1. Just checking, how many residues over the stretch 57-90 are modelled with pLDDT of 75 or more, more than 16 Å from the chain's Cα centre (by Cα) and closer than 28 Å to Leu205 by Cα?
2. Can you tell me which of (1) assigned to a helix (DSSP H, G or I); (2) at pLDDT 80 or above; (3) aliphatic (A, V, I, L, M) is the one Ala217 doesn't meet?
3. What are the residues in the stretch 123-137 that are at pLDDT below 90 and either crowded, with 18+ Cβ neighbours inside 10 Å or outside any helix (DSSP H, G or I) (or both), if any?
4. May I ask you to list the residues in the stretch 138-156 that are outside any helix (DSSP H, G or I) and surrounded by fewer than 22 Cβ atoms within 10 Å (Cβ to Cβ)?
5. Just to verify a result, which residue in the stretch 157-168, among those that are surrounded by 20 or more Cβ atoms within 10 Å (Cβ to Cβ) and not polar (S, T, N, Q), is modelled with the lowest pLDDT?
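The values are calculated or read from the model by the stated rules, or taken from the named source; none is laboratory data. If you're wondering where the values come from, they're calculated on a predicted model, not measured in any experiment. Counting neighbours? That spans all protein chains shown, and the Cβs are built from the backbone with ideal geometry, glycine included.
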Amino acid sequence: MERCYHLRVPGYVWGFAAVAVPFVATPGVSTAVVLRNSVAGGVRSGVATALGVNAGSIAYGLLTAFGVSVALERWPGVWIALRFAGVGYLVWLGARSLWRAIAWRPAGPNAPVSGPSSASSDGRDPTYERAAREGFITNALNPSIATFYLLILPQFIPVGVPFARTALLLTAVHVSLALTWHLTWAGAGGTLAVLLGRSGPRRALEAFTGVALIALAIRLLT
């Protein structure tokens, strides 16, 4: 007689996923950065940014799993430093996008083409490394991500279950959802790169992104 084994997903995982889905799908700074970089550098640049963004989430998941959230409750000044660092970084990204909207010029026929030829001697492409690093810093300095992981995620861990292992499981759920969402935007941005490579649409996108990032920074302060 055959036995059927079914993977039983705990109820708290479904509850966490129900909160994580709208959190992921709500447009925010990470989505804006992934879209902007994929439009500017193609799908690969968007993918690199998405990987960097979600590496930042994994870092927060590790911090939560090993008890840093408790330490932050004892020293709330860390939250203030994180908030101002995040606001400053968002303003810098927004100002850079606005500057690109003003100063951007379409590449001429003799302009150098970025790609495999621009890779360093060890085979790595500095453009993709920069995109991944920018994505990581964006999430690492994002107070919304910090709040989600350090304050909200622990509320879904029931009493009596291994805290660290469960926190890592919930981190995997969120990162899986977020990475899928960001890769979708990376593909969309890369597809639109040709159209948005024209002067008018490209300037409009950079201007919109810059205003949106600065608006997010102001909202964090207020």
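1. So the answer is 2.
2. So Ala217 meets the others, but not (2).
3. Initially, the stretch 123-137 is screened for residues at pLDDT below 90, giving 123-128.
If the condition is that a residue be at pLDDT below 90 and either crowded, with 18+ Cβ neighbours inside 10 Å or outside any helix (DSSP H, G or I) (or both), then Gly123, Arg124, Asp125, Thr127, Tyr128 are the ones that fit.
4. Kept after step one, since they are outside any helix (DSSP H, G or I), are these residues of the stretch 138-156: 141-142.
The answer is Leu141, and nothing else.
5. Top of the filtered list is Ile157.
Each row is one residue, and each column tells you yes or no for (1) within 13 Å of the chain's Cα centre (by Cα); (2) not β-branched (Val, Ile, Thr).
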position	(1), (2)
Asn139	yes, yes
Thr147	no, no
Leu150	no, yes
Pro154	no, yes
Pro158	no, yes
Phe163	no, yes
Ala167	no, yes
Ser176	yes, yes
Thr180	yes, no
